[in-house]
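Since the structure comes first, as structure tokens, the remarks are kept for the end.
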Amino acid sequence: MEASKVRNLVIDDHERGLFKVRRTAFSSQEVFEHEREAIFDRTWLYVGHESELKGPNSFITRTPGGRPSIVTRDAEGQLHAFLNACPHRGNQVARERSGNVRLFTCFYHAWSFDTKGALVGLPGDDAYTDAFDKKDMGLVPVPRFESYRGMMFVSFDTEIVDLVTYLGNARETVDHMLDFGGDDVEAVEGAQNYSIKANWKLLVENSMDAYHAASTHARYFREYIPAMGMDPSSWVGGAKAFVGWKGVDLGNGHAMIEGPALPTPLDASAPEELARIRAALDVKFGKERAHKIADYSRNLFIYPNLILISFWRTVRTFYPVAPDYMEVDAWALLPRSESEHLRHKRIENFLSFLGPAGLATPDDVAALEGCQRGFLALPDRTFSDISRGMGREPLNTDELQMRAFWRRWKAMLAGETGATDCSDHPERVKVQA
Amino acid sequence: MQEMITRADVEEFLVDEAALLDNWQLDAWLALMAQDAHYLVPALDKPQADYRKSLFLISDDMKTLRSRVTQLKGRTVWAENPKSRTRRLVSNFRVLGEENGMTRITANFAVWRFQLDQTETYVGRYEHLVARAADGNLRFHERKAVLDHETLRPHGKLSFIL
């Protein structure tokens, strides 16, 4: 796809403070195919949490960037990531979603591999010449595989910067999002694997969009929250809502919305234990860092397809399968050492809002699917407007955080290398808000 | 001594319940719940997990379930506005046995959902805990729908009562 054609998809007018995305960016097969190579093959992609690999010789299968992969913990506890395709003739060697195995045996010709990926057996190996070396015929490693504090990522780009460098300015916030319980987090058993009949970038936008909360999630805030005996006005109370909140460009497409912690039904369900945890954070991290960890709420987006949301302690990733269809995988990341009661209450709080049967996510799914149907109407001549807050220091109900994503998306799709300036530069806007 | 719960009782109870849900008579449906009831749909990768320890799709106590029903009766559940048409086939009724003074009953279900030119099918097994109330009628204490799907794809959502 030519760079000029890509640039034509995103109008980023700093002088007038307007930002528009041509709707073919969401609907075109050409864009979808180009994204796989220009974005999903050149970024770090979340594949799961180390705690999902339970014990030696365990594995999980995932499909980061549409590429079937296996992550293993070997007999010594070391982690590995491989392509889930037999190096002999290609059949998938792991056919369960997860499990414990000493050997993966490809049933097609009975080649078997250990959890380090080594080829350990094949029937009739006397049929091969000396040029055939069993040592070269192990499972093919995913080009790059790194973890950050238990969160495992792969990349198909052999040249990509290391994961910590990639996370950049977002890394400190990742730490905040993992340290809230005063202990390491683990992925709670039970995944939410669903789909949305919509372009994946709609979920990027939606996942850090506070502007839609009052309308799309009216039922959650106006019915559920009061039914739990709470006042929803810090969420949806007009001028009283989201006080002190902002949208933040974290560089290279990473972004977040952040503000003073807002009340959720969790607060009243285990007040003593939560207060104990809060006090322990002061001791463990010092008051200043503990304040940043515990007294703010955030939706953090790690480019290109990972979301961490502090209200519900979720980690969510999603992949396009077609321009108008994505697969979504979500888990709860909760502190290992909390009580059974608090664990139960955190799960309840998560489920009250999130997931395909929560009291909010189905309405997001309905909205995104509605957008995708709307895009059928002249997508090459119509635009999605993402200009909110371009002439000011953006609030969380503005759209800077989405523009930050789109600027990186546009740069990568256009083949630009190196860092991307994703900022609004409000000083350049000549038409004031 | 309470009257024993028979397969015929289970069939009548669950077939009548299905009619209430297909007709969106949600208040009448809610009245089938005991005060301590839970409405549960496990995660598809851990169908036999414990709702207190594992992430589910739905884990409602009565307070949340009442709110869910209130919401579904209103107009701002966008995922159910317009309301989907559903049709349930419930069969293979079984009485499994007693558990803490209640009776574990199971049945198979298939629910078709139609909305906005889309058709989705939800297939699974009910694994309920029921008991007779003072009026002699059955009430749900645990109303659990265990889906057989490996993932909720391409459904994407479960926005009606399953």
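The values are calculated or read from the model by the stated rules, or taken from the named source; none is laboratory data. What you see is a predicted model; the values in this text were computed from it and never measured. Reconstructed Cβ throughout: ideal geometry from the backbone, glycine too, with neighbour counts over all protein chains shown.
Note on the range B:45-70: residues that are under 17 Å from the mean Cα position of the chain (by Cα), crowded, with 18+ Cβ neighbours inside 10 Å, at the interface with chain A (Cβ under 7 Å from one of its Cβ atoms) and not hydrophobic (A, V, I, L, M, F, W, C) amount to 4. Would you mind telling me which numbered condition in (1) without any contact (Cβ under 8 Å) to a residue 24 or more places away in the chain; (2) of a type in the set (D, E); (3) in contact with a Phe, Trp or Tyr (Cβ under 6 Å, 6 or more places away or on another chain) A:E340 fails? So the condition that A:E340 fails would be (3).
Hey, among the residues in the range A:291-311 that are assigned to a helix (DSSP H, G or I) and in contact (Cβ under 8 Å) with a residue 40 or more places away in the chain, which one's nearest to the chain's Cα centre (by Cα)? Can you show your working first?
First, pick out the residues of the range A:291-311 that are assigned to a helix (DSSP H, G or I): A:291-294.
Still in the list and also in contact (Cβ under 8 Å) with a residue 40 or more places away in the chain: A:292-294.
Details: A:K292: 21, A:I293: 20, A:A294: 21 Å.
Across the range A:291-311, the extreme among qualifying residues is A:I293.
Looking at the range A:202-225, which of its residues are more than 13 Å from chain B (Cβ to nearest Cβ), hydroxyl-bearing (S, T, Y) and more than 16 Å from A:R316 (Cβ to Cβ)? Correct list: A:Y211 only.
So that you can scan it fast, the table gives a plain yes or no per residue for (1) closer than 26 Å to B:A49 by Cα; (2) touching an Asp or Glu at 6+ places or on another chain (Cβ under 8 Å):
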| position | (1), (2) |
| --- | --- |
| B:E80 | no, no |
| B:K83 | no, no |
| B:E99 | yes, no |
| B:T106 | yes, yes |
| B:G136 | no, yes |
| B:H149 | yes, no |
| B:I161 | yes, no |
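Screening the candidates A:D267, A:D329 for the property of being surrounded by fewer than 21 Cβ atoms within 10 Å (Cβ to Cβ) and not in a strand (DSSP E or B) yields one hit, A:D267. Residues of the range B:97-143 that are closer than 17 Å to B:D16 by Cβ and in a loop (DSSP other than H, G, I, E, B): B:A133, B:D135, B:G136, B:N137.
Considering only the range A:108-221, give the strands (runs of 3 or more DSSP E) lying wholly within it that have at least 1 residues that are modelled with pLDDT of 95 or more and out of contact with any His (no Cβ under 9 Å at 6 or more places or on another chain). Steps first, please.
On the way: elements: A:111-114, A:119-121, A:144-148, A:151-155, A:185-187, A:192-196.
Hits in the range A:108-221: A:111-114, A:119-121, A:144-148, A:151-155, A:192-196.
Among the residues of the range A:137-174, those identified as over 23 Å from A:R36 (Cβ atoms) and among the polar types (S, T, N, Q) are A:S147, A:T165, A:N169, A:T173. Of the residues making up the range A:407-428, those that are surrounded by fewer than 12 Cβ atoms within 10 Å (Cβ to Cβ) and either among the polar types (S, T, N, Q) or without any contact (Cβ under 8 Å) to a residue 60 or more places away in the chain (or both) are A:T417, A:G418, A:E427. Of the numbered criteria (1) of a type in the set (G, A, S); (2) more than 14 Å from chain B (Cβ to nearest Cβ); (3) closer than 19 Å to B:S159 by Cα, the one A:S195 fails is (2). Residue count for the range B:1-25 satisfying the condition of being out of contact with any strand residue (DSSP E or B) (no Cβ under 9 Å at 6 or more places or on another chain), under 18 Å from B:E80 (Cβ atoms) and not in a helix (DSSP H, G or I): 2. Scanning the range A:16-28 for any residue that is outside any loop (DSSP other than H, G, I, E, B) and surrounded by fewer than 17 Cβ atoms within 10 Å (Cβ to Cβ) turns up nothing. Each residue in the range A:336-354 was checked for being outside any helix (DSSP H, G or I), within 27 Å of B:G156 (Cβ to Cβ) and more than 10 Å from chain B (Cβ to nearest Cβ), and 0 of them qualify. Listed by first and then second residue, the pairs linking a residue in the range A:66-78 that is farther than 16 Å from A:R144 by Cβ to a residue that is in a loop (DSSP other than H, G, I, E, B) and basic (K, R), with Cβ atoms under 7 Å apart and 6 or more places separating them unless they lie on different chains, are A:D74/A:K116.
Count, please, the residues in the range B:71-83 that happen to be outside any helix (DSSP H, G or I) and within 11 Å of chain A (Cβ to nearest Cβ).
Of the range B:71-83, the ones outside any helix (DSSP H, G or I) are B:74-77, B:81-83.
From what's left, within 11 Å of chain A (Cβ to nearest Cβ): B:74-77, B:81-82.
The total comes to 6.
Being out of contact with any strand residue (DSSP E or B) (no Cβ under 8 Å at 6 or more places or on another chain) and not in a strand (DSSP E or B) is the filter here; which residues of the range A:312-326 pass it? If the condition is that a residue be out of contact with any strand residue (DSSP E or B) (no Cβ under 8 Å at 6 or more places or on another chain) and not in a strand (DSSP E or B), then A:P323, A:D324 are the ones that fit.
It is to be established whether one or more residues within the range A:370-386 are within 14 Å of chain B (Cβ to nearest Cβ), among the hydrophobic types (A, V, I, L, M, F, W, C) and either under 19 Å from the mean Cα position of the chain (by Cα) or closer than 14 Å to A:V21 by Cβ (or both).
Keep residues of the range A:370-386 that are within 14 Å of chain B (Cβ to nearest Cβ), which gives A:370-374, A:376.
Subset that is among the hydrophobic types (A, V, I, L, M, F, W, C): A:371, A:376.
Add one more test, that the residue is either under 19 Å from the mean Cα position of the chain (by Cα) or closer than 14 Å to A:V21 by Cβ (or both), and what stays is A:371.
Yes; the residues of the range A:370-386 include at least one that is within 14 Å of chain B (Cβ to nearest Cβ), among the hydrophobic types (A, V, I, L, M, F, W, C) and either under 19 Å from the mean Cα position of the chain (by Cα) or closer than 14 Å to A:V21 by Cβ (or both).
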